[in-house]
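Okay, structure first, notes after.
The values are calculated or read from the model by the stated rules, or taken from the named source; none is laboratory data. None of the values given here were measured: they were computed from a predicted structure. Here the Cβ positions follow ideal geometry from the backbone for every residue, glycine too, while neighbour counts run over all protein chains shown. Please note that ligands, DNA and RNA were not included when accessible areas were found on the heavy atoms of the full protein model with its side chains. Shrake-Rupley method; radii C 1.70, N 1.55, O 1.52, S 1.80 Å.
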Amino acid sequence: QVRLAESGGGLVQAGGSLRLSCAASGRTLSAYGMGWFRQAPGKEREFVTAISWTNTPYYADFAKGRFTISRDNAKNTVYLQMNSLKPDDTAVYYCAARTGGTASPRVGEYNYWGQGTQVTVSS
């Protein structure tokens, strides 16, 4: 059983930055594929970025050039650095883990989810 806890969300002005953290307990994350997803009110949960156990990152088009995913296996933590934030980035951001170690953009392919952290970007 993997337990995930996100932190680092908050209110930021457009153009600002935030770094989200996803701390895991119960199992080491080194063998898991990790992803970040987000869900805005009235919308489906959508893929933001993911990283494989070999540290290969994948990004949604809207995240390329602005967001960076990284992992620190020693701290059992995954990070999402978000720069040049826009009001459209406002959502609850979720961290997820999938067994097998590969990354995936599909919500249904993740086995474990955190509770989410709210990110609000004001214009």
Members of region 1-44 found to be over 18 Å from Asn83 (Cα atoms), open to solvent by less than 50 Å² (accessible area, probe 1.4 Å) and β-branched (Val, Ile, Thr), listed by number: Val2
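Among the listed residues Ala96, Ala74, which satisfies the condition of being outside any loop (DSSP other than H, G, I, E, B) and either of a type in the set (D, E, K, R) or out of contact with any Leu (no Cβ under 6 Å at 6 or more places or on another chain) (or both)?
Values: Ala74 fails: outside any loop (DSSP other than H, G, I, E, B).
Only one candidate qualifies: Ala96.
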Quick one: which residue in Tyr79, Tyr112, Tyr94 is surrounded by 15 or more Cβ atoms within 10 Å (Cβ to Cβ), more than 12 Å from the chain's Cα centre (by Cα) and under 14 Å from Glu6 (Cβ atoms)? Tyr112
Please work out which residue is surrounded by the most Cβ atoms within 10 Å (Cβ to Cβ), limiting yourself to region 48-66 and to residues that are small (Gly, Ala, Ser) and in contact with a Gly (Cβ under 7 Å, 6 or more places away or on another chain). Ala50
Determine the pairs where a residue that is under 18 Å from Leu18 (Cβ atoms), located within region 65-85, has a partner that is in a loop (DSSP other than H, G, I, E, B) and open to solvent by less than 10 Å² (accessible area, probe 1.4 Å) with Cβ atoms under 8 Å apart, the partner being 6 or more residues away or on another chain. Arg66/Leu85
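Can you name the residue in region 99-112 that is assigned to a helix (DSSP H, G or I) and of a type outside the set (Gly, Ala, Ser) and is also farthest from Ser30 (Cα to Cα) among such residues?
In this case the residue turns out to be Val107.
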